[in-house]
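Student: The structure that follows is given in the form of structure tokens.
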Amino acid sequence: MADELYLENIDEFVTDQNRVVTYKWLSYTLGVHVNQAKQMLYDYVERKRKESSGAQLHVTYLVAGNLHQNGHVCHKVAVVREDKLEATKSKLSTLASVHVYSIQKALLKDSSPLYNTDYDIVKTNLQHCSKFSAIRCAAAVPRTPPEAPRAPAPQGQSEPHAAGAVNGHGPPAARATPQQHRGIAGMFAAKAAAKPQDAPKETKAETKEAPSVSAASSKPLIKNNIMNNFFGKAAMNKLKANSVPEQPKEEKEAVKPSVAEPELSPNAVAEKPGKKTESARIQQKDKKSKMKRADRSDDEEERDPENVKKKRKRIKQLQSDSSDEEDVPPSPTPEEERAPSPPPVPALKTELEPASTEGSAGGRRRKRKRVLKSKMFIDEEEGCMVTEKVYESESCTDSEDEFPKPKAPAPHKPPVLPTKREPKEERKNLKKGAAPANRANKQVSIMGFFQKK
Amino acid sequence: MSHAMFSEQAAPTAQGLLAPPSAEPPTFPRVPVSGYSDCSQPFQLGERSFSRQYAHIYAVRLAGMRPGLERCARSRWGNDIALRKLSELQAGEKCCVVGTLFKAMQLQPSILQEISEEHNLVPQPPLPKYIQPSDELMLEDELQRIKLEGAIDVQRLVTGTILAVYGSEQDDGRFLVEDHCFAGLPLPLPWNGPSSNRFVLLASGLGLGSVSGEALLSTQLLVDVVTGQLGAEGEQSCAAHITRVILAGNLLSQNTQSRDTINKAKYLTKKTQAASVEAVKMLDEILLQLCTSVPVDVMPGEFDPTNYTLPQQPLHRCMLPLASTYATLRLVTNPYQANLDGVRFLGTSGQNISDIFKYSSMDDYLEILEWTLQAGHISPTAPDTLGCYPFYKSDPFILTECPHVYFCGNAPHFQSKLLQGKEGQRVLLVTVPDFSATQTACLINLCDLTCQPITFSGFGADSEDRDMEVGH
């Protein structure tokens with residue numbers, strides 16, 4: 001019988017799984033009204049105790065009622081153990097409610113397991129936390145669309161500031177925080193999540209809201225271009241670099257390059273290397289590029305600041321990991337070193353050719369490049385820390401080549417440097433090799449910033 | 001009669017859930033809000049400029065309250081009384097002067113003294129009260145000041161109060177006070193309250209993010225009662241009459257302030273997270289649960305992430321991504337003023353009252369609350385000892401209309417009193433206790449302006465029967 005099923009369920013939860021079964025937990029788990037859950041728990045207790053008087057069951061109750069205290073009539077709501085139930089009830093002048101709060105095998109010393117159980121189950125059901133409650137509120141509806149899209153715009157821009165050292169708590173619930181780590185993949189997932197959001201928003205929107213929605217989307221578009229202009233080339237380069245390691249990841253990602261290109265139209269020149277390398281990818285995943293521009297634009301402003309943040313991270317990581325699949329050759333960078341501020345066009349042109357060959361070859365290559373790095377060591381003679389910027393050649397992989405270089409600037413320093421120091425420095429440099437290299441790159445030439453892989 | 005209203009309606013079905021599952025259990029619709037309007041515009045700051053001095057706020061305060069005080073003085077001491085400015089005083093003449101009080105206190109913390117190298121002073125540790133017998137009162141008006149003595153309680157009064165004194169100037173240059181009066185209760189507002197039971201739940205000092213988790217279950221019980229999860233059917237149907245929840249400040253605990261990160265170098269704190277981040281996440285979840293079921297007004301308090309000076313601006317909705325998607329969430333200022341179902345509410349998160357507590361001999365929060373109403377000003381000690389925005393056009397803390405419910409949050413105990421004024425004012429004064437310490441919130445019945453405390457408790461290892469310290 002369906003009626004008896006809940007008894008078996010409760011039995012399983014309490015005795016087999018040794019859980020603390022609160023009424024709320026049962027209500028969410030079985031999908032029933034809270035009052036039914038309370039009655040189910042009561043029923044179970046009664047039957048179990050009738051069957052076997054030695055049943056190992058401890059029950060807590062909720063007692064509520066009026067209490068005369070200090071001249072006030074106070075409404076008291078308390079969770080009590082069974083052994084204190086009658087005592088508590090007798091203290092109250094009027095009893096307002098009493099029902100089973102929870103059942104568990106063990107005797108609870110304090111009420112924190114109850115709290116933890118309730119907290120966990122509510123946390124997993126946040127989206128519909130009032131579903132099984134006894135009160136329905138007609139006014140509790142999500143805000144109307146014109147308000148919500150406006151919020152992401154200021155939110156998106158404040159994100160890089162707000163996020164700070166801690167990774168994203170800011171974004172609305174629709175965007176799952178883990179996806180922020182995945183860079184472009186995260187952007188797509190966020191967009192995918194936002195798409196169903198957009199769909200109900202659009203269905204809800206009446207004709208009068210349609211102009212506001214389009215106005216909102218044109219505004220983000222304009223913002224996009226501004227944001228993209230600022231980060232544009234770096235963004236493009238990062239896109240290329242990112243899409244490679246994330247090839248096995250979500251398919252929609254492929255749309256991003258094709259999407260980003262038309263939107264980054266002001267940066268046509270910068271796009272060429274992008275297009276060349278992306279063409280291969282686009283061919284592979286052409287069929288997926290059917291997303292509407294309007295949908296994407298809604299998320300651009302959130303993505304771009306996210307991009308910025310993620311891109312900065314990615315740049316570091318890319319240089320440090322041994323990605324043999326990098327499309328963008330490190331060859332432009334030696335050119336940067338030599339000409340600290342090369343004009344954009346020639347630099348791009350030189351990049352174009354290797355890019356195209358790279359694209360066609362599509363292969364693995366280790367390149368050696370000279371990188372400006374900061375070396376920090378303790379100067380024994382003066383007992384201070386010294387930081388020096390030195391060029392050292394480094395392959396795409398983070399490694400061996402750093403060692404020879406420090407010895408070159410070393411001679412003019414006091415040779416008191418113990419040998420122990422060097423392995424330490426090298427270890428330090430290994431770990432931080434990529435990061436200072438990137439920073440050094442940026443400092444050397446501003447174009448290096450735009451021509452990032 | 002209505003004190004017990006909340007429980008007595010529920011009594012008949014109290015044990016109804018101690019039974020096998022019945023058929024479809026009832027759900028109760030939340031009583032809708034019949035009228036709401038936010039009257040906190042004076043407390044909302046737009047463009048803020050701190051380039052002005054604080055002298056202006058005192059000037060507009062005096063100018064704003066002078067007419068009312070002159071009226072009070074005339075009605076009290078006769079129509080033919082001489083109203084003088086300090087510059088017009090003549091020795092020996094009995095007259096009435098309206099001015100601002102200044103209390104010179106030896107123990108008052110002074111930043112200038114602390115940083116003064118000549119004095120070589122160790123900064124004074126915070127004291128519960130800074131009053132001393134040697135304190136002196138001065139009366140200031142637009143141009144001059146004069147020392148007061150006589151029938152005036154120096155210990156009780158605080159700086160920034162506008163009052164009228166009746167007496168005469170002595171030969172030694174001091175003013176001998178024979179009587180004094182305050183602005184009195186402001187003008188009454190018409191009553192448009194509901195005719196049936198409507199409750200508003202007032203709570204403050206949730207104190208999320210604190211080290212101890214004792215109050216967490218109580219907070220959850222509070223949410224569950226309001227959202228109708230807890231309780232038997234009768235209680236749930238009563239809870240459906242709660243039309244609003246107001247959280248009066250200190251949603252975060254003082255522990256989230258993490259002062260030590262301020263002293264650390266920034267590069268060492270690179271990957272550390274502010275303690276308030278976790279607490280705000282927890283707050284967001286709690287607010288989400290409430291917002292899906294009842295309109296909630298959230299006021300910031302002393303320890304909440306908003307500006308420090310009064311009036312505190314609303315918390316930013318970006319901190320509460322889950323809850324702010326609901327239209328039922330309203331993030332409001334501190335102080336907060338609104339019309340709820342025809343009843344005018346005015347209240348603060350308690351900083352004004354606790355500041356007066358420090359500089360006055362008054363010990364009782366309810367007494368201080370009533371005194372601010374009588375003095376016609378929400379926070380006279382601002383900006384002297386309580387941070388305040390340098391207003392210059394008008395002082396928004398002057399009370400011009402008498403609210404129906406006047407509350408302050410984060411009080412040590414729950415207290416309430418229905419005050420009747422001479423001109424027909426009816427005010428319910430409520431000191432909302434700090435929930436993290438007392439696990440007590442307040443239920444106000446809008447129908448008849450009564451207030452009932454509601455306490456929550458779990459059980460602990462030490463004792464089950466923790467009698468809540470309630471009232472008086």
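Values in this text are rule-based calculations from the coordinates and carry no lab data. What you are looking at is a predicted structure, and each value in this text was computed from that prediction instead of being measured. Note that each Cβ is placed from the backbone with ideal geometry, even for glycine, and that neighbours are counted across all protein chains shown.
Student: So how do A:Arg49, B:Arg426, B:Arg61 line up by other beta-carbon neighbours within 10 Å, fewest first? Don't skip to the end; give the middle numbers.
Tutor: Numbers: A:Arg49 13, B:Arg426 16, B:Arg61 22.
Listed from fewest to most nearby Cβ atoms, that is A:Arg49, B:Arg426, B:Arg61.
Student: DSSP beta bridges in chain B, what fraction antiparallel, as a percent rounded to 5?
Tutor: On the way: 47 of 79 bridges.
The antiparallel fraction comes to roughly 60 percent.
Student: Using the Karplus curve 6.51 cos²θ - 1.76 cosθ + 1.60 with θ = phi - 60°, what ³J(HN,Hα) values do you get for each residue of the stretch A:26-36, in whole Hz, with x for Gly and Pro?
Tutor: Residue by residue, the stretch A:26-36 yields 5, 4, 6, 5, 8, x, 10, 4, 4, 5, 5 Hz.
Student: Name the residues whose placed amide hydrogens come within less than 5 Å of the amide hydrogen of B:Thr450, ignoring near sequence neighbours (fewer than 5 apart) on the same chain.
Tutor: For B:Thr450, whose amide H was placed from the backbone, the distant partners under 5 Å are B:Asn445.
Student: Right, another one. Rounded to whole Å and sorted largest first, list the principal axis extents of the Cα atoms in the stretch B:73-211.
Tutor: Principal-axis extents of the stretch B:73-211 (Cα, largest first): 59, 59, 24 Å.
Student: Long-range amide H contacts for A:Lys369: which residues qualify at under 5 Å (H placed 1.01 Å from N, peptide plane, sequence gap of 5 or more or a different chain)?
Tutor: When sequence neighbours closer than 5 places are left aside, the close amide H contacts are A:Glu394, A:Ser395.
Student: Still on this model: Cut-off is 10 Å between beta-carbons; in what order do A:Arg81, B:Arg244, B:Arg48 appear when sorted fewest neighbours first? Numbers along the way, then the final one.
Tutor: On the way: A:Arg81 19, B:Arg244 25, B:Arg48 10.
Sorted ascending by nearby Cβ count, the order is B:Arg48, A:Arg81, B:Arg244.
Student: Could you list, in their original order, any pairs among B:Lys94/B:Lys147; A:Lys38/A:Lys131; B:Lys85/B:Lys147; A:Lys84/A:Lys109; A:Lys109/B:Lys281 whose Cα atoms are separated by more than 18 Å? Numbers along the way, then the final one.
Tutor: On the way: B:Lys94/B:Lys147 16 Å; A:Lys38/A:Lys131 16 Å; B:Lys85/B:Lys147 14 Å; A:Lys84/A:Lys109 13 Å; A:Lys109/B:Lys281 28 Å.
Over 18 Å Cα-Cα: A:Lys109/B:Lys281.
Student: In terms of the ratio Rg/(2.2 N^0.38 Å) built on C-alpha atoms, what value belongs to the stretch B:168-258? Don't skip to the end; give the middle numbers.
Tutor: Details: Rg = 23.5 Å, N = 91, 2.2 N^0.38 = 12.2 Å.
That works out to 1.92 for the stretch B:168-258.
Student: On to the next question. How much length, in nm to one decimal, is gained on full extension between B:Asp153 and B:Leu419, taken as 0.36 nm per residue of separation minus their Cα-Cα distance? Walk me through the numbers on the way to the answer.
Tutor: Numbers: separation 266, 0.36 × 266 = 95.76 nm, distance 2.30 nm.
Computed gain between B:Asp153 and B:Leu419 is 93.5 nm.
Student: Given the Cα atoms of chain B, and with Rh set as the inverse mean 1/r over their pairs in the Kirkwood sense, what is Rg to Rh to two decimals?
Tutor: My calculation of the ratio gives 1.01.
Student: Using Cβ counts within 10 Å as a stand-in for footprinting exposure, how do B:His377, A:His99 rank, fewest first? Don't jump to the answer; show the numbers that get you there.
Tutor: Working: B:His377 23, A:His99 27.
Exposure proxy ranking, most exposed first: B:His377, A:His99.
Student: Oh, and also: For peptide B:236-246, compute the average count of partner chain beta-carbon atoms within 10 Å of each residue's beta-carbon. Don't skip to the end; give the middle numbers.
Tutor: Working: counts 6, 2, 3, 3, 4, 1, 1, 2, 0, 0, 0.
Across B:236-246, the average partner-chain Cβ count within 10 Å equals 2.
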